[in-house]
Each structure stands twice: as C-alpha cells, then as structure tokens.
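Notes follow the structure.
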Amino acid sequence: MTEKAMKKRLIVGLAMLIFSLSVFAFATYAWFTYVTTDSFFGTVGFVDVESHVYFDDGLGGEDVATEVEIADGVFKTGVYFVNIVSNGDDYFFEDFRLSINVLSNVNTYIRIRIFEQVTLTYVNYLGIITELTVLIEDYLPFDYETTNWYDNRDEDGYFYYTIPVQRVDESTPLVLDLISDYTLSGFSTYSPGYSLQITFSLEAVQATNGPQNNWALTTPPWGGSW
C-alpha cells in the first residue's frame, strides 16, 4: 500500500471515529434527557408561612398595624408601632394581635422570635424626629397563647410551635394564633413620648430533618424527638 493510500485510510478512519463518538454522545444526552424528563411527575412540596399583625378594634374587626415612621413618608419595613401610653388609642398594647398563616403543603415546624424595643421619641424645632432607645430588663407582658406553643426565649429567643402543621387546603391557610387576646391585669402605661416598636423573625422548615439541618437542633427544646 502506498503512503498516499495509507494517509487516506487514516483520515477516513478518524472521521468515522469522530462520527461514532458524536452519535454516542447524542444518544447518551438524549437518554439522560428522556430519563430526567420522565422521572418527575408532580410538584415538589414547599414550605411557606407568613405573619398577620393587627389590632383588635373591639367590634369583632381589625385595625391594620402600621409600620414605624421615621420621617415624612419613610418607614421601617416590618417594624410595627404599638401605643403604650393611652389605653383609648386604636393601636394600644392590649389590643395587639399576632397570628401565623401556614401555607405549606408539607408538614412544617415553625418558630418565631419577637424583638421588642421601647423608644422615647421627640421632635425638635426643625421638625426632625429623634428616637432614644430605652433599656428594659424583661419582656413586655403580652398575653401569649400556650396551647402547642413552647416559650424558649430564655434559651435561644424563640417561641416554637410543637407539632408539625400544614395548610388546610390549596385555598385555605391554617391559622395559628400566638397573641389573640388580653386577659392579664391592666397594662401599666408609660409617659407621653414613649412607644413600643416590634418586629419578628419567623422561620419554618420541613418537618422531616428540617430542624436538625437548618436549626442545628437534634431534639426539640421541649424534649422528646422530632
């Protein structure tokens, strides 16, 4: 065989090898695509919760909670104003309410941390609002629900809902009340100029391995097992 013929055969052989590899790669890709597409038949479960913050209007209705205003038209997002001065105010401490709407379609564990800050606010002659933080030694006396809620604030700052929950159905969330009433002795009001600012850190995890993987809790704070 001549040198020219050998080169020609080598080129043809390489071309066939490349073509074969291309066909194999395409077939492999097509197979993986088919398997991947054919393996998922439904929607993966999701975890979703939201807080509902309002004030009891005394007539069976709600007054919408308002965010703290720090300048004209400027608000602290997710931080709510609570009146601690006048028991006749629509936003008075004793009328504050907090519930959790569970929208998850899988069993979910929930915990919530509540941040309270008493402030003294005044406006100077230029109309500028100034806030002074007031140190408080203890938690303010909200009338918290105790059924299925565990108060672990002295350990990690959170309230835990002790049983896994999910929504009622696709259009109906499950509502968990944390502050739904005020049955304690009358709240001791502060002097004019004081107010309470309150915000939350609401967390939810899938019941299966969620607390262990996301909260680093191998066992529940109230004992037993997840």
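The values are calculated or read from the model by the stated rules, or taken from the named source; none is laboratory data. Everything numeric here is computed off the predicted structure, so don't read it as measured data. Quick reminder, even Gly has a Cβ in these numbers, built from the backbone with ideal geometry, and neighbours come from all protein chains shown.
For the range 198-212, check the following and say yes or no: at least one residue is within 23 Å of TYR80 (Cα to Cα), in a loop (DSSP other than H, G, I, E, B) and touching a residue at least 60 places away in the same chain (Cβ under 8 Å). Even if it seems obvious, please write down each step before you answer.
Kept after step one, since they are within 23 Å of TYR80 (Cα to Cα), are these residues of the range 198-212: 198-204.
Checking which are in a loop (DSSP other than H, G, I, E, B) leaves us with none.
No, there is no match, as no residue in the range 198-212 is within 23 Å of TYR80 (Cα to Cα), in a loop (DSSP other than H, G, I, E, B) and touching a residue at least 60 places away in the same chain (Cβ under 8 Å).
In the set THR66, THR133, THR119, THR147, which member is of a type in the set (Val, Ile, Thr) and more than 19 Å from TYR194 (Cα to Cα)? Give the steps one after another, and end with the answer.
Numbers: THR66 fails: more than 19 Å from TYR194 (Cα to Cα); THR133 fails: more than 19 Å from TYR194 (Cα to Cα); THR119 fails: more than 19 Å from TYR194 (Cα to Cα).
Going through THR66, THR133, THR119, THR147 in turn, just one is of a type in the set (Val, Ile, Thr) and more than 19 Å from TYR194 (Cα to Cα): THR147.
In the range 154-169, which residues are at negative phi and in contact (Cβ under 8 Å) with a residue 24 or more places away in the chain?
Filtering the range 154-169 for residues at negative phi gives 154-156, 158-169.
GLU155, ASP156, TYR158, PHE159, TYR160, TYR161, THR162, PRO164, VAL165, GLN166, ARG167, listed by residue number.
The residue that is farthest from SER86 (Cα to Cα), among those in the range 180-197 that are surrounded by 16 or more Cβ atoms within 10 Å (Cβ to Cβ) and hydrophobic (A, V, I, L, M, F, W, C), is LEU196.
On the basis of being within 26 Å of VAL64 (Cα to Cα) and surrounded by 10 or more Cβ atoms within 10 Å (Cβ to Cβ), does THR130 make the cut? Steps first, answer last, please.
Working: within 26 Å of VAL64 (Cα to Cα): yes; surrounded by 10 or more Cβ atoms within 10 Å (Cβ to Cβ): yes.
Taking the combined requirement at face value, the residue satisfies it.
Just one of the listed residues (ASN87, ASN105) is closer than 22 Å to LEU196 by Cα and of a type outside the set (Phe, Trp, Tyr), and it is ASN87.
For THR189, the requirement of being of a type in the set (S, T, N, Q), at pLDDT 95 or above, assigned to a loop (DSSP other than H, G, I, E, B) and not assigned by TED's automatic domain parsing to the domain that holds ARG113 is not met.
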